[in-house]
Amino acid sequence: MSQQGSIRAAVFSAGSWGTAVAKILADAGGSVVVHARRGEIAEAINTVHRNPGYFPDVELPASLTATTDPAAALDGADHLVLSIPAQSLRSSLAAWAPHIGPDTMIVSLMKGIELGSGERASQVIAEVTGVSADRVAVLSGPNLAREIMDGRPAAATVACPDENAARRFQQACHTPYFRPYTSTDVTGCELGGAVKNVIALAVGIASGRGLGDNASAMLITRGLAETTRLAVALGADPATLAGLAGLGDLTATCTSPLSRNRTFGTHLGRGLSVEQATAATRRTTEGVKSAESILALAHTHGVEMPITEVVSALLLEKVTLDQAAAALVQ
């Protein structure tokens, strides 16, 4: 494993959060290769040091390059950092897996639960690649990509069953503006990150309906409670949900206008259909896809999640907006 200052990271892919973490890793002294699906994005990153698809106004470090070739991106990588939609993880990773080195640590940035299997990203990664759990980590916290690209202060949790592996990635992404902490509670971090998106949809719906800040605070508080119930039922430490990957991430996602999930919920609350809200939001909104799978997970483990239940029903058009709004604040 390389030492800090010579870490080589491959970041898949070049979306907003992937680009932000790639910048963090480069600013921390690493050599970073971003895998971009589109050739024009890779070319722009290499020639003008900008990602025109997401942050055309931010200059990227010179140590950050891009390629459309997954094998080239992964060649010699100490860390593979995955930032792709949770529902396409399994198929995408199956294609990339043959290029992953025997000692490469895989870090998930994904905050969703796979439909059908109910698996968290770390579980899908281990299943598809065959790597041991102590080579899979997750990064989670109150991390709005736009603020990080602007160099505003943020913190996150790096969780891995292997504490030393977590510390290595902690060193690899520690910058003056980004403070990572370590944990061994992968389950708690992943569920905190996934469920908070659904709660943010609910807060957005309430906001779009003009229900006020009291209603939002109520939903955030109750949302944290139901997130914690599910996480603990799956073996997580409840203290994790009171930390950066739980309450911290939940607060940022539910309160910031930069949050995609809150924005999507606000569109729904103002009367847009799911299709219209999708078109208006334009970017991956994990809570929309994961609400159903999170609810299924809750039912499997006998956990009550009334907010998630209402949001899922609205997304599946099983209830009207008026019915959903009334149920959320009861």
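The values are calculated or read from the model by the stated rules, or taken from the named source; none is laboratory data. This one's a predicted model, so the numbers in the text were calculated from it and none came from an experiment. In this analysis, Cβ positions are derived from the backbone assuming ideal geometry, glycine residues included, and neighbour counts consider all displayed protein chains.
Keeping to the range 159-211, report how many residues are without any contact (Cβ under 8 Å) to a residue 24 or more places away in the chain and either under 19 Å from the mean Cα position of the chain (by Cα) or closer than 19 Å to Arg8 by Cα (or both). Adding up the residues that qualify gives 3.
Residues that are farther than 23 Å from Ala155 by Cα and either part of a loop (DSSP other than H, G, I, E, B) or not assigned by TED's automatic domain parsing to the domain that holds Ala156 (or both) occur at least once in the range 1-8.
Based on this model, can you work out whether Lys111 counts as of a type outside the set (A, V, I, L, M, F, W, C), in contact (Cβ under 8 Å) with a residue 40 or more places away in the chain and assigned by TED's automatic domain parsing to the domain that holds Leu315? When the stated conditions are applied, Lys111 does not pass them. The number of residues in the range 1-14 that are at pLDDT below 95 and either touching a Ser or Thr at 6+ places or on another chain (Cβ under 6 Å) or closer than 25 Å to Glu286 by Cα (or both) comes to 1. The set of residues in the range 68-91 that are under 11 Å from Ser13 (Cα atoms) and surrounded by fewer than 19 Cβ atoms within 10 Å (Cβ to Cβ) comprises Thr68, Pro85. If I ask for residues that are surrounded by fewer than 22 Cβ atoms within 10 Å (Cβ to Cβ) and either under 12 Å from Gly204 (Cβ atoms) or more than 16 Å from the chain's Cα centre (by Cα) (or both), which ones from the range 244-266 would you list? Of everything in the range 244-266, those that are surrounded by fewer than 22 Cβ atoms within 10 Å (Cβ to Cβ) and either under 12 Å from Gly204 (Cβ atoms) or more than 16 Å from the chain's Cα centre (by Cα) (or both) turn out to be Thr255, Ser256, Pro257. Scanning the range 184-215 for residues that are surrounded by fewer than 23 Cβ atoms within 10 Å (Cβ to Cβ) and of a type in the set (Ser, Thr, Tyr) returns Thr184, Thr187. Would you pick out the residues in the range 266-293 that are small (Gly, Ala, Ser), under 24 Å from Gly53 (Cβ atoms) and in contact (Cβ under 8 Å) with a residue 24 or more places away in the chain? Once the filter is applied, which keeps residues that are small (Gly, Ala, Ser), under 24 Å from Gly53 (Cβ atoms) and in contact (Cβ under 8 Å) with a residue 24 or more places away in the chain, the range 266-293 yields Gly287, Ser290. Do we find a residue being of a type in the set (Ser, Thr, Tyr) and either in contact with a Gly (Cβ under 6 Å, 6 or more places away or on another chain) or under 17 Å from Asn143 (Cβ atoms) (or both) anywhere in the range 56-73? Yes; the residues of the range 56-73 include at least one that is of a type in the set (Ser, Thr, Tyr) and either in contact with a Gly (Cβ under 6 Å, 6 or more places away or on another chain) or under 17 Å from Asn143 (Cβ atoms) (or both).
Of all residues in the range 287-309, exactly one satisfies the criterion of being among the charged types (D, E, K, R) and not in a helix (DSSP H, G or I), namely Glu304. In the range 24-41, the residues that are of a type in the set (Gly, Ala, Ser) reach residues that are in a strand (DSSP E or B) with C-beta atoms within less than 6 angstrom, at least six apart or across chains, in these pairs: Ala26/Val32; Ala26/Leu64; Ala28/Thr175; Gly30/Ala9; Ser31/Arg8; Ala36/Ala66.
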